[in-house]
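The values are calculated or read from the model by the stated rules, or taken from the named source; none is laboratory data. None of the values given here were measured: they were computed from a predicted structure. Cβ placement follows ideal geometry from the backbone for every residue including glycine, while neighbour counts extend to all protein chains displayed.
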Amino acid sequence: MRRKGTASPFRIVSVECPAVPLLVISKMWKCPYCDFSGKRSEIHIHLAENHGDTLGSRVDEFTGHTFYIVTCPVCGASYEQVTKKARRDPSFVQEYEHEIRMVVFDLLLYHLQGEHGEGPVVE
């Protein structure tokens, strides 16, 4: 453990080698539903604001919990996110609709990155 005010034992060293081309990492994502592209945070907001109609929902008959469902447009895999508070407070979904969409679309973005290699592209 390093004491406050002491120098770090690690140094960042940058070395350029003309024989090895540098990898350029583009942090651009493409929306899976339209031609919009941008950083992950921009795609995340774009999905929640423009593609909420692609989400499904269901209410569990036994628990009364509302589940939001996102389906991958590439492979058809579906993921659900429960909103337990919606059972006790019917206005919860309306009040937090944008935040709920953000959480559900986050599942899609992680799926696209992990299963389909989408996301930041190495050129």
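Per-residue answers, yes or no, for (1) surrounded by 13 or more Cβ atoms within 10 Å (Cβ to Cβ); (2) modelled with pLDDT of 95 or more; (3) not hydrophobic (A, V, I, L, M, F, W, C):
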position	(1), (2), (3)
PHE10	no, no, no
LEU22	no, no, no
ALA48	yes, yes, no
SER91	no, no, yes
Got at least one residue in segment 71-87 being in contact with a strand residue (DSSP E or B) (Cβ under 9 Å, 6 or more places away or on another chain), at pLDDT below 95, surrounded by 15 or more Cβ atoms within 10 Å (Cβ to Cβ) and aliphatic (A, V, I, L, M)?
yes
Within segment 61-123, which helices (runs of 4 or more DSSP H) (wholly inside it) include 1 or more residues that are within 22 Å of HIS46 (Cβ to Cβ)?
91-95, 97-116
Scanning segment 30-52 residue by residue, those under 19 Å from CYS75 (Cα atoms) and either charged (D, E, K, R) or assigned to a loop (DSSP other than H, G, I, E, B) (or both) turn out to be LYS30, CYS31, PRO32, TYR33, CYS34, ASP35, HIS51
Could you check how many residues of segment 103-119 are more than 11 Å from TYR68 (Cβ to Cβ) and either out of contact with any Cys (no Cβ under 9 Å at 6 or more places or on another chain) or exposed (fewer than 12 other Cβ atoms within 10 Å of the Cβ) (or both)?
8
Cross-chain or 6+ apart pairs with Cβ under 6 Å, segment 34-46 first and among the small types (Gly, Ala, Ser), then in a loop (DSSP other than H, G, I, E, B)
SER37/MET28
With the structure loaded, tell me whether VAL122 is modelled with pLDDT under 85 and either under 20 Å from TRP29 (Cα atoms) or surrounded by 15 or more Cβ atoms within 10 Å (Cβ to Cβ) (or both) or whether it fails that test.
yes
Going through segment 43-86 in order, the residues found to be of a type in the set (Val, Ile, Thr), over 16 Å from TYR110 (Cα atoms) and under 17 Å from the mean Cα position of the chain (by Cα) are THR54, VAL82
